[in-house]
Amino acid sequence: MNKKLYIETYGCQMNLADTEIVSALLFESNFELTNHPEEANLILINTCSVRERAEQRIYGRLGFIKKIKEKNKNLIVGIIGCMAERLKEKIITDYPIVDLIIGPDEYRNVTKYLEQVESGEKAVGVELSLSETYEDIEQFHSNGLSAWLPIMRGCNNFCSYCIVPYTRGRERSRSFNSILNEVEKLSNQNYKEITLLGQNVNSYFWNGKDFSDLIETCAKVNRNIRIRFITSHPKDLSEKLLHCIADNENICNHLHLPLQSGSSRILELMNRKYTYEHYYDLIQKARVIIPGISITTDIIAGFPSENEEDHKATMNAIEQIKYDNAFMFKYSPREGTLAYKLEDDVAERVKIFRLSEIINLQQNISKEINDTTVGKIQLVLIEGKNKKNPEQMIGRTDNNKFVVVENNEIKIGDIVRVKIINSTSATLFAKVLT
Ligand code: SAH
Ligand code: SF4
Ligand code: F3S
């Protein structure tokens, strides 16, 4: 009989893809997935360390899992992902219900570590690798419609606030052919959307081929598949890539380009290696080369030494650029990073206040931009039923806006022409055109 695996995933899309790699490896050892932690033989939590709060959530989950383990003494509990890499065996010391710790470059050995646990020992695998890409492992794509496809691993940028280079190690690109084979396989399986993943996709490089070469080749495999990519770094985004997006109908007109701060002084302290002027120039170019492109970003409020003037520069940048959407965070000091050595001197209440100003401003802008889409015609990829109202379906536009569609006769996976009839800051509402 098969053993049962319950796996929860936190953090970024890279972790979602890794969960599918670990699952595939465990299927080979006779595991099958379950949605019920109570009936699992193995519970894995794929974790994120990017901010303190992300880690706190995991400790909360361990409290819940402890109760399950009290009823099922044979249950194996594993922490994998970025927290495993950052904290290593310390997690087991602090939470003895944890049996297994595996970092992002050690998944290939998951079965070996499980055997170690089954023989009564705790197991810890946290070596980072310079070459591991898992490209020979057949990732278990779980959703049937839209796939996460890692094209590289790790990060060499060392933005001063960021833990990722320490939890995921050095940057390495996956071979061009293995990515292309995967896209062809997904095309044969009738996938409708593929998102190419990397911490900094613009520095993809394999045997003379760069990211533009890669994405263009992927887009040609099947023009009916939407191709997306995250994340771009403003210091490396090339005009070649912008033209490539413009020239290929099925590469989506959406750019996620994290700004982090509108103050060039703070950007320098963040080790982002660009100024606001360089960034703004890039946005202008993108909008000329790809008319109608939607642009989203990440913002951090309250980085060490950020003063009122720096904060105003961020507010002005948001106002000037008019992002379609943004992920906005309060600075969270991460031990071991360069910024950790700087004094975390922006008072908590000031961080909260600045973040709320940023969020309010962005919400108004998102609403303004979404209002301008009312009356327009868009192509929407249908992703599922609206859980709040089964008469409606949900999906996304080419430029990554979330749409509620009033019609339950269309099917998941359909790409439908709709007319936008209403909007909020987060959602468009639409009617199908026949
Ligand atoms: N490689 C991607 C994603 C990095 S993590 C990129 O470079 O864009 C996603 C976002 O989390 C970052 O863009 C940043 O805005 C935020 N982030 C990272 N470390 C943080 C920290 N210590 N405190 C607050 N936000 C942080
Ligand atoms: Fe972190 Fe910067 Fe690398 Fe993104 S580019 S993962 S923010 S170090
Ligand atoms: Fe989090 Fe690791 Fe991704 S720290 S954001 S899960 S790379």
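The values are calculated or read from the model by the stated rules, or taken from the named source; none is laboratory data. Just so it is clear, the model here is predicted, and its values are computed rather than measured. Heads up, the Cβs are rebuilt from the backbone with ideal geometry, glycines too, and the neighbour counts pull from every protein chain shown. Accessible surface areas use protein heavy atoms only, side chains included; no ligands, DNA or RNA. Shrake-Rupley method; radii C 1.70, N 1.55, O 1.52, S 1.80 Å.
One table, with the values for the structure above:
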| item | result |
| --- | --- |
| With all protein chains modelled, accessible area of PHE64 [1.4 Å, Å²] | 80 Å² |
| Zone residues, the range 34-53, relative to MET1, backbone N less than 14 Å from point 7 Å out along Cα-to-Cβ | 39-42 |
| Whole-percent carbon and sulfur share, accessible surface of the range 146-371, 1.4 Å | 50 percent |
| Long-range HN-HN contacts of GLU171 with modeled amide H, under 5 Å | CYS155, ASN156 |
| ILE359-ASN422 pseudo-label distance in nm [points 7 Å out on the Cα-to-Cβ vector] | 2.5 nm |
| Cα-based Rg / Dmax (Å) for the range 305-434 | 19.5, 60 |
| Residue-level accessible surface for ASP94, protein heavy atoms, 1.4 Å, Å² | 80 Å² |
| 20 Å-binned pair-distance histogram of the chain (Cα, whole percent) | 24, 56, 20, 0 |
| Cysteines, the chain, no other Cys beta-carbon under 4.7 Å | CYS12, CYS48, CYS82, CYS155, CYS218, CYS244, CYS252 |
| Accessible area of MET270 in the full protein assembly, 1.4 Å probe (Å², nearest 10) | 0 Å² |
| Mean separation of Cα contacts under 8 Å (6+ apart) over length of the chain, as relative contact order % | 10 percent |
| Label point distance in nm, ARG349-ASN224, each placed 7 Å from Cα along Cα→Cβ | 6.0 nm |
| Packing rank of 202-208, 426-432, 294-300, where each peptide gets the mean count of other beta carbons within 10 Å, highest leading | 294-300, 426-432, 202-208 |
| Among beta bridges that DSSP assigns inside the chain, antiparallel share in %, nearest 5 | 35 percent |
| Spacing of the two label points (7 Å from each Cα toward its C-beta) at GLU277 and ASN407, in nm | 5.0 nm |
| Average accessible surface area per residue within the range 3-125, 1.4 Å rolling probe, Å² | 44 Å² |
| Residue-normalised accessible area of the range 146-371, given per residue in Å² at a 1.4 Å probe | 41 Å² |
| Rg over Rh, two decimals, the range 3-125 (C-alpha only, Kirkwood Rh) | 0.92 |
| Coil-residue GluC sites (Glu not before Pro) of the range 272-352, DSSP, other Cβ within 10 Å capped at 16 | GLU335, GLU343 |
| Overall Cα dimensions of the range 146-371, principal axis frame, Å, largest first | 54, 43, 28 |
| For the range 324-359 and the range 41-102, distance of Cα centres in Å | 26 Å |
| Evaluated over the range 377-432, the Cα radius of gyration and Dmax, each in Å | 9.6, 27 |
| About the Cα centre, charge dipole magnitude for the range 221-302 (Lys/Arg +1, Asp/Glu -1 at Cβ), debye | 140 debye |
| Formal net charge of residues neighbouring ILE289 (Cβ-Cβ distance under 13 Å; K, R +1; D, E -1) | 0 |
| Shape call, the range 1-49: gyration tensor on alpha carbons, a/c limit 1.5 | oblate |
